[in-house]
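In what follows, a single structure is set out as structure tokens and then discussed.
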2 protein chains.
Amino acid sequence: MSKALERRAKLREELILAAERSISAGGLAGMKTRDLAREIGCANGAVYNLVEDMDELILRVGSRTLARLDAALTNAESNGAPSPRETLVRIAVAYCDFAAANLELWRALFEHRMEPGKEVPDWAISEQMDLFRHIYRPLALLFPQRTPEQLGITARSLFSAVHGMVALGLEQKLVAVPLAALRQQIAAMVKAMVTGLVAEA
Amino acid sequence: MSKALERRAKLREELILAAERSISAGGLAGMKTRDLAREIGCANGAVYNLVEDMDELILRVGSRTLARLDAALTNAESNGAPSPRETLVRIAVAYCDFAAANLELWRALFEHRMEPGKEVPDWAISEQMDLFRHIYRPLALLFPQRTPEQLGITARSLFSAVHGMVALGLEQKLVAVPLAALRQQIAAMVKAMVTGLVAEA
């Protein structure tokens, strides 16, 4: 790699890390190109030599968040009884813990909207979809008779339900609950959902 | 009422309706005091003789949205078998339908944040909390041995789970699904949750 390319790669990495710190501290709405440029020591306009646009920058930060979430879920999977039901409960609680510990970065994953007319690029969609395997695998063990498509639907339903409990619970709005209580409620609801799904299968 | 007070009450009502149309068309982010003032034919500053601030205006619109949601849920309650399980399923599907038909107004209920340092006023909180009775009542029939506090927790969990499925499903992001499929998935998940909760009670 040429010196110029090396320098660009390094600056780009610094830019992504600066954006991550900014989102983590003040959310998506608080992030300003000007501040990021100053922090990494380049001109405002030069930021767009490093990333295509703000969408790409935010998606790159999201990619780092998803990688850490992936690690947290992998850890939760192996960290207890191997029964698929217990695994699903641990994954749900780990998702809650991750969101609470990375509140703004986790919110940014869901709040970010592409500029009008732009689609989320395939690499970002595929990173997001890949995380569903944590839910899919235990479900496939519980429901061996279901097709991959049916399992995919159940996985998304289960994720959305848990996400809703985490989102409203952490929002401190309408359904605000202390974290310890929220973890218990999520565990109870996932157990009930799985019990009910098995009973009705 | 004096002529001046009458006129103020009428203008205030017009302002709230204009805000409702604006949110309905372009979401919270698209609403501008200037446009609302022009629409009701008053000076920009005069808007703040009609409502305390933007927070109050948004909450008044929210109050109208909640009243319509309340009516939709009441209708769903009586519109089918009286069994509490079936009632819970119908309420969840009605919530989904309402959100889909009132997307921006429904989103505004959850996206609105008070200005820093300001609390949501009691009247608005109590209107929000009042809607939980639709979930609470069937749950109380299903679980007569539970305390009001326990029933309240289960009602919030159930609501958050359904809200998550609706929110991500309608978001057309990560978990986008056609409305007919989403309604089916919500019905299936609520059935499973209730079955599981009953089995574990």
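Loop-only check: which GluC sites (Glu not before Pro) in segment A:110-201 are DSSP coil with at most 12 other Cβ within 10 angstrom?
Answer by residue number: A:Glu119.
I'd like to know which of B:Met54, B:Pro144, A:Ala181 lies farthest towards the positive end of the charge dipole of the protein assembly as shown, counting +1 on Cβ of Lys and Arg and -1 on Cβ of Asp and Glu.
Positive-most Cα among the choices belongs to B:Pro144.
Taking H placed 1.01 Å from N in the peptide plane, check which residues at least 5 places from B:Val177 or on another chain put their amide H under 5 Å from its amide H.
Distant-sequence amide H within range of B:Val177: B:Gln172.
Say a label goes 7 Å from Cα toward Cβ at A:Gly117 in every copy; what distances in nm does this one have to the rest, shortest first?
Result, one decimal in nm: 4.2.
Using the 7 Å Cα-to-Cβ label point, sort the distances from B:Ala140 to its equivalents in the other copies shortest first and give them in nm to one decimal.
Output for B:Ala140: 4.6 nm, nearest copy listed first.
Using DSSP to call loops (not H, G, I, E or B), can you name the trypsin sites (Lys or Arg not before Pro) in segment A:84-130 whose Cβ has at most 15 other Cβ atoms within 10 angstrom?
Passing both the DSSP loop test and the Cβ count: A:Arg113, A:Lys118.
Using only the Cα atoms of the protein assembly as shown, what semi-axes does the equivalent ellipsoid have when each is the square root of 5 times a gyration tensor eigenvalue? Give whole Å, largest first.
Semi-axes, largest first: 35, 35, 17 Å.
Run the simple label-point estimate for B:Glu111 and B:Glu149 please: 7 Å along Cα→C-beta, distance reported in nm.
3.7
With n ≥ 4 as the cut-off for DSSP H runs, can you work out [θ] at 222 nm for the protein assembly as shown, using -39500 (n - 2.57) per run divided by the number of residues, rounded to the nearest 500?
About -25000 deg cm²/dmol.
Measuring label to label, 7 Å along Cα→Cβ, what does B:Ser63 give against each other copy in nm, shortest first?
Between copies, matching label points for B:Ser63 lie 4.9 nm apart.
Semi-axes of the equivalent ellipsoid of segment B:1-154: what are they in whole Å, largest first, if each equals the square root of 5 times a C-alpha gyration tensor eigenvalue?
Gyration-tensor ellipsoid for segment B:1-154: 35, 16, 14 Å.
Considering Cα pairs under 8 angstrom that are at least six residues apart, work out the relative contact order of chain B and quote it in whole percent.
Dividing the mean separation by the residue count of chain B yields 21 percent.
At what distance in angstrom do the alpha carbon centres of segment A:38-90 and segment A:147-201 lie from each other?
Value for the Cα centre distance between the two parts: 22 Å.
So what's the Cα pair-distance distribution over segment B:21-108, bin width 10 Å, in %?
16, 37, 24, 15, 7, 1
Compare the Cα positions of A:Ser126, A:Met114, A:Ser160 along the charge dipole of segment A:95-180 (+1 at Cβ of Lys, Arg; -1 at Cβ of Asp, Glu; about the Cα centre) and return the one farthest towards the positive end.
A:Ser160
Roughly how crowded by other chains is peptide A:115-123, in terms of the mean Cβ count from those chains within 10 Å of each of its Cβ atoms?
Rounded to a whole number, the mean comes out at 0.
Hey, could you pull the Cα Rg and Dmax for segment B:148-201, both in Å?
Looking at segment B:148-201, its Cα Rg and Dmax stand at 12.7, 36 Å.
Over segment B:103-168, what per residue volume does the convex hull of the Cα atoms give, in whole Å³?
Enclosed volume per residue, from the Cα hull, is 112 Å³.
Between chains B and A there is a rotation axis; tell me the chain B residue with the nearest beta carbon and how many whole Å away it sits.
B:Gly164, 1
Determine the alpha carbon to alpha carbon distance for each of A:Lys10/A:Lys118; B:Lys32/B:Lys118; B:Lys3/B:Lys32; A:Lys32/A:Lys118 and list only those over 23 Å.
A:Lys10/A:Lys118; B:Lys3/B:Lys32
Taking each full run of DSSP H in chain B as one helix, which ones are at least 20 Å long along their axis (Cα atoms) and have mean Kyte-Doolittle hydropathy of at least 0.0?
Both cut-offs are met by B:54-78, B:84-101, B:148-171, B:179-200.
Could you work out the Kirkwood radius for segment B:65-201, taking every pair of different alpha carbons, averaging 1/r and inverting it, reported in Å?
Kirkwood hydrodynamic radius for segment B:65-201: 15.8 Å.
Only the coordinates and a few stated rules stand behind these numbers; no lab work does. Predicted, not measured: the structure shown is a model, and the values here were computed from it. Glycine gets a Cβ as well: all are built from the backbone with ideal geometry, and neighbour counts include every protein chain shown.
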